[in-house]
Amino acid sequence: TLEGIAAIICRFAWPCELALRIARCESGPDYTAGDNGSGHIGTFQISWALHGWRFFEQGWGYTDAFIPERNIAVAFDLWADEGWRPWACAH
């Protein structure tokens with residue numbers, strides 16, 4: 001559910017409201033976006049070409065990037081390393 005995905009986003013130690021806004025901007029109204037055709041995948045539209053290795057580090061593969069819980073976990077990892085810089089919606 002939308003509420004469930006929002007709750008998962010807010011479990012992480014980042015600014016919750018901003019993370020929710022960025023996820024909504026990136027994936028649309030339901031937080032469950034797939035591949036937008038440019039290689040950006042999932043709730044946070046993470047670039048597979050640039051950050052697929054982050055999923056592999058967790059023991060996950062390409063299809064895991066479409067699972068909101070895993071996409072959000074990798075987005076948090078990316079945010080912890082780079083802040084909001086990777087997301088155009090944050091600027």
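How would you rank 1-13, 62-74, highest first, on the average number of other Cβ atoms within 10 Å across their residues?
Working: 1-13: 13.8, 62-74: 18.5.
Going by the mean number of other Cβ atoms within 10 Å, highest first, we get 62-74, 1-13.
What 222 nm value per residue comes from the helices of the chain, counting each DSSP H run with n ≥ 4 as -39,500 (n - 2.57) and dividing by all residues, nearest 500 deg cm²/dmol?
Mean residue ellipticity at 222 nm (helix-derived): -16000 deg cm²/dmol.
Give, rounded to the nearest 20 debye, the magnitude of the charge dipole that the chain has about its Cα centre when Lys and Arg contribute +1 at Cβ and Asp and Glu contribute -1 at Cβ.
That gives a dipole near 120 debye.
Please report the carbon-and-sulfur percent of the accessible area for the chain; probe 1.4 Å, protein heavy atoms only, DNA, RNA and ligands left out. Mind showing how you got there, number by number?
Details: 2710 of 4750 Å².
Here carbon and sulfur together make up 57 percent of the probe-accessible area.
Probe of 1.4 angstrom, ligands and nucleic acids ignored: what's the accessible area per residue over the chain, in square angstrom?
On a per-residue basis, the chain sits at 52 Å².
Using only Cα positions of the chain, each an equal point scatterer, no hydration layer, compute I(q)/I(0) via Debye at q = 0.13, 0.21, 0.22 Å⁻¹ and quote the log10 values to two decimals.
Log10 of I(q)/I(0), two decimals: -0.34, -0.98, -1.09.
Net charge near Gly42, counting Lys/Arg +1 and Asp/Glu -1 over other residues with Cβ under 14 Å of its Cβ?
On the way: positive: Arg24, Arg54, Arg70; negative: Glu26, Asp30, Asp35, Asp64, Glu69, Asp77.
Net charge around Gly42: -3.
Quick one: which residues, 5+ away or cross-chain, put their amide H under 5 Å from the amide H of Ile46? H built at 1.01 Å from N.
Ile41
The values are calculated or read from the model by the stated rules, or taken from the named source; none is laboratory data. Predicted model, so just to flag it, every value in this text is computed and none were measured. No Cβ is skipped: glycine too gets one built from the backbone with ideal geometry, and neighbour counts run over all protein chains shown. The accessibility values were calculated without ligands, DNA or RNA, using every heavy atom of the protein model including side chains. Shrake-Rupley method; radii C 1.70, N 1.55, O 1.52, S 1.80 Å.
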